[in-house]
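Report on the following structure.
The values are calculated or read from the model by the stated rules, or taken from the named source; none is laboratory data. Owing to the predicted nature of the structure, the values given are computational and were not obtained by experimental measurement. Reconstructed Cβ throughout: ideal geometry from the backbone, glycine too, with neighbour counts over all protein chains shown.
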Amino acid sequence: MLGNNRRVTARILVADDDAKHAQLIRLYLEREGHQVITVGDGRAALDVARARKPDLVVLDVMMPLVDGLDVCRILRAESDVAILMVTARSSENDMLLGLDLGADDYLAKPVSPRELTARIRALLRRVGAAGETDAPVRVGDLEVDPDRFEVRVRAVPVVLTAKEFAILELLAREPGRVFTRTQIIDKAFGFEQDISERTVDAHVVNLRRKIEENPAEPRYVQTVYGRGYRMAEQ
């Protein structure tokens with residue numbers, strides 16, 4: 001099922017008893033073009049998964065009626081649906097238990113919706129639920145790989161936070177285009193409410209420290225005074 005020119009629509013079930021968190025995830029996934037169903041307990045998750053046959057399940061561990069670990073175990077016994085577990089339990093043992101029960105990936109709360117959607121794109125590609133992927137974006141010797149959530153400069157991996165990655169991906173897709181801070185907040189962070197223009201500036205400073213040889217004279221992320229930021233055309 002094809003979505004827009006870069007993404008493929010998938011059926012995604014979000015099971016989380018935190019209604020606000022589930023709604024935030026839903027909004028982000030729908031922006032990606034996916035069909036999303038949300039439920040608030042483990043029993044409903046099993047019922048909907050059996051009836052609707054989703055391509056992927058985003059599964060919270062701590063849910064009423066049937067907890068997420070049991071839901072994961074039952075779903076994995078019944079099908080090959082992709083399962084991404086999201087939980088406040090962040091210890092290594094908890095992560096390994098979820099993976100042993102059949103989860104394909106595991107994220108600890110608080111989760112950046114931007115990182116979550118990147119993980120979901122990669123998962124859908126891995127399990128074959130999506131026929132199209134986001135190709136890596138290259139600007140000079142800078143490479144941004146949205147599916148793998150990776151950045152390389154001169155073939156050397158660079159570790160970015162989710163928000164730094166979001167800004168870099170946005171700018172790299174359209175070198176030379178100037179984005180105001182407000183546009184960056186809207187396009188890169190969408191529904192997140194904790195981002196201000198000053199916060200964008202702070203993220204850009206940190207981003208430059210990681211990808212620029214000389215952050216004081218950036219080759220990639222350039223300031224356009226009085227306007228905002230742009231990716232230099234290489």
*Considering (1) at pLDDT below 90; (2) crowded, with 20+ Cβ neighbours inside 10 Å; (3) more than 16 Å from VAL61 (Cβ to Cβ), say which one ILE12 fails and leave the rest.*
(1)
_Qualifying position, being modelled with pLDDT of 95 or more, closer than 20 Å to VAL158 by Cβ, in a helix (DSSP H, G or I) and not polar (S, T, N, Q), among ARG208, ARG230_ = ARG208
*asked:* For the list (1) at positive phi; (2) surrounded by fewer than 16 Cβ atoms within 10 Å (Cβ to Cβ), I need the number of the one condition that GLY228 fails.
replied: (2)
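Take the conditions among the small types (Gly, Ala, Ser) and either modelled with pLDDT under 90 or within 22 Å of the chain's Cα centre (by Cα) (or both) and apply them to GLY42. Does it pass? Can you show your working first?
On the way: among the small types (Gly, Ala, Ser): yes; either modelled with pLDDT under 90 or within 22 Å of the chain's Cα centre (by Cα) (or both): no.
In short, no.
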*When region 138-184 is examined, which residues are found to be of a type outside the set (Phe, Trp, Tyr), modelled with pLDDT of 90 or more and in a strand (DSSP E or B)?*
ARG138, VAL139, LEU142, GLU143, VAL144, VAL151, ARG152, VAL153, VAL156, PRO157, VAL158, THR180
*Note down all Cβ pairs under 6 Å where the first residue falls in region 169-189 and is farther than 13 Å from MET231 by Cβ and in contact (Cβ under 8 Å) with a residue 24 or more places away in the chain, the second is of a type in the set (S, T, N, Q) and surrounded by 15 or more Cβ atoms within 10 Å (Cβ to Cβ), and they're at least six residues apart or on different chains.*
none
*Name the pairs whose Cβ atoms lie under 6 Å apart, with the first residue in region 38-59 and in contact (Cβ under 8 Å) with a residue 24 or more places away in the chain, the second assigned to a helix (DSSP H, G or I) and surrounded by fewer than 23 Cβ atoms within 10 Å (Cβ to Cβ), and 6 or more positions between them or separate chains?*
THR38/ALA22; THR38/ARG26; VAL39/VAL48
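How about region 48-132: which strands (runs of 3 or more DSSP E) wholly inside it have at least 2 residues that are modelled with pLDDT of 85 or more? Quick ask: steps written out before the conclusion?
Working: elements: 56-60, 82-87, 105-108.
Filter on region 48-132 gives 56-60, 82-87.
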